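Right, one structure below, let's go through it.
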Amino acid sequence: MTIEKKLNGEVATLVVVGRLDTQTAPELEKELDCVVPSIKELTFDMAGLEYVSSAGLRVILKAQKIMNTKGSMKLTGVNDSIMEVFDITGFLDILTIE
């Protein structure tokens, strides 16, 4: 997995490419820990994300909980297979997906 971080003042976009799983979720969590304290708006660009596991879902949920207290979070470019995972797990009810 690769993560490209784009910062613009209090707005951050994390472009996530590859597989978000048990091996790579800690890397995304580390990036979030660095970025989140200084932002009010977070976007995950998931156009290049191929797979998300329960470990990846946990990191996304953690980010959503933090951003609920600070501002907003959205996901963009979510493909059909990952959208299905969000649907089955109930994440569609708590995430903003564009």
Task: Simple label model, 7 Å out from Cα along Cβ direction - Asp87 to Tyr51, nm - done: 2.1 nm
Task: Neighbour net charge for Asp80 - beta-carbon separation under 14 angstrom, K R +1, D E -1 - done: -3
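Tell me, Met73, Met83 in order of fewest to most beta-carbon neighbours within 10 Å?
The most exposed by this proxy come first: Met83, Met73.
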Task: For segment 2-93, share of DSSP beta bridges that run antiparallel, in % to the nearest 5 - done: 35 percent
- [ ] Assuming R0 = 35 Å, can you tell me the calculated FRET efficiency for the pair Asp80 and Val35, based on Cβ-Cβ distance, to the nearest 0.05?
- [x] 0.80
Task: Distance-filtered residues of segment 29-70 - backbone nitrogen under 11 Å, label point 7 angstrom along Thr22 Cα→Cβ - done: 54-55
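Rule-based calculations on the coordinates, nothing more; no lab input. As the structure is a prediction and not an experimental result, all values here were calculated from the model. Reconstructed Cβ throughout: ideal geometry from the backbone, glycine too, with neighbour counts over all protein chains shown.
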